[in-house]
Amino acid sequence: MFAIALKQDQYLTYILSDSESLSRLEVVPQRGGIATRWKIQGQDILYLDAERFANPELSVRGGIPILFPICGNLPDNLYQYGDKTYTLKQHGFARDLPWEVVQQGTDSCASLTLKLSSSDQTRQIYPFDFEVSLTYQLQGNRLRLLQRYTNRSSDRMPFSVGFHPYFSVGDKHQLSFDIPARAYQDQKTGEFQQFSGNFDFDCPEIDFAFKSLTRHTTSLTDQQRRLRVALTYSDLYSTLVFWTVKGKDYVCLEPWSAPRNALNTGEQLNYIEPGEICEAAVEFNVAYLNQAGEVI
């Protein structure tokens, strides 16, 4: 029922599958530990810009990039810690570094655990010793991302973490959303606005941060493709970002543990004490709909 296979393309790719539900997930540890493709019954759940993915000089647009130790960007890519100034580019470095495969299993689900540890390279831009482990669990139409963050430093470690899933969509005007917030901050202008429940997809770009979440679930429904994707995330996640670009067949619903620039402002910033561990989870569930819009 559950299986893990390997294929060697440009990068070594792990393929997690559930034969009963015809669900298949591709993970590329070397390219930032990213899940690149997720198909259910042959239908793409995730969008992937294959051209950008093939170029290691470019950030990946597609799949589920991992954001750590920051989400979003910093002014001029700079932050202050102690009496030093450090440079850290948008969304941090986890999505660009190779991850190590440490465990895999096919008992109750198809499971793959990856690990990223601090190095001389990371300490130059983020002066902490850490270990991050991420376990992908595929079972039926459900994908879990189980996380474990360990502070191996002698100082309290500030961080934020997030995921940037690109969901493949049809006609954006046939999308509807259940977002647990009444207002958002436009990340381009900094202005706060009331949320009507809909987005203007005729805008060149939409980049909204929902900070006052009333619950830790959200969903998008694609009437054209007759499916609904629901996200559930741990209490660690305080912010939900919606991002898309006009003319592109994707929308992003991104759970973040802190808003952009939190490393400088301290807003919702997370900390781990020396030797301590923080655990969290994000889960995706896909449901198919009938003509009446009811879950099959």
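A few points about this structure:
- Where strands (runs of 3 or more DSSP E) fall wholly inside the stretch 68-135, the ranges with 1 or more residues that are at pLDDT 95 or above and within 22 Å of A262 (Cβ to Cβ) are 78-81, 84-87, 110-117.
- Flag if A35 is open to solvent by less than 60 Å² (accessible area, probe 1.4 Å), among the small types (G, A, S) and outside any strand (DSSP E or B): no
- Remark: pairs (first residue in the stretch 187-213, in a loop (DSSP other than H, G, I, E, B); second residue aromatic (F, W, Y); Cβ separation under 6 Å; 6+ apart in sequence or on different chains) = F195/Y184.
- Of all residues assigned to the stretch 177-199, at least one qualifies as being within 17 Å of the chain's Cα centre (by Cα) and open to solvent by less than 20 Å² (accessible area, probe 1.4 Å).
- Count - residues of the stretch 79-104 that are of a type outside the set (F, W, Y), open to solvent by less than 70 Å² (accessible area, probe 1.4 Å) and in contact with a helix residue (DSSP H, G or I) (Cβ under 8 Å, 6 or more places away or on another chain): 2
- Of all residues in the stretch 155-178, those that are under 18 Å from E205 (Cβ atoms) and among the β-branched types (V, I, T) total 1.
- Within the stretch 233-249, residues that are assigned to a strand (DSSP E or B) sit with their Cβ atoms under 9 Å from residues that are hydroxyl-bearing (S, T, Y) and surrounded by fewer than 21 Cβ atoms within 10 Å (Cβ to Cβ), at 6+ positions apart or across chains, in these pairs: Y233/T217; T244/Y250.
- Residue within the stretch 151-167 that is open to solvent by 20 Å² or more (accessible area, probe 1.4 Å), assigned to a strand (DSSP E or B) and touching a residue at least 12 places away in the same chain (Cβ under 8 Å) present: no
- Scanning the stretch 262-296 for residues that are open to solvent by less than 30 Å² (accessible area, probe 1.4 Å), closer than 24 Å to F199 by Cβ and part of a loop (DSSP other than H, G, I, E, B) yields one hit, G293.
The values are calculated or read from the model by the stated rules, or taken from the named source; none is laboratory data. Computed from a prediction, not measured in an experiment: that's the story for all the values here. Positions of Cβ are generated from backbone atoms using ideal geometry, with glycine treated the same way; all protein chains shown enter the neighbour counts. Calculation scope for accessible area: heavy atoms of the full protein, side chains included, ligands and nucleic acids excluded. Shrake-Rupley method; radii C 1.70, N 1.55, O 1.52, S 1.80 Å.
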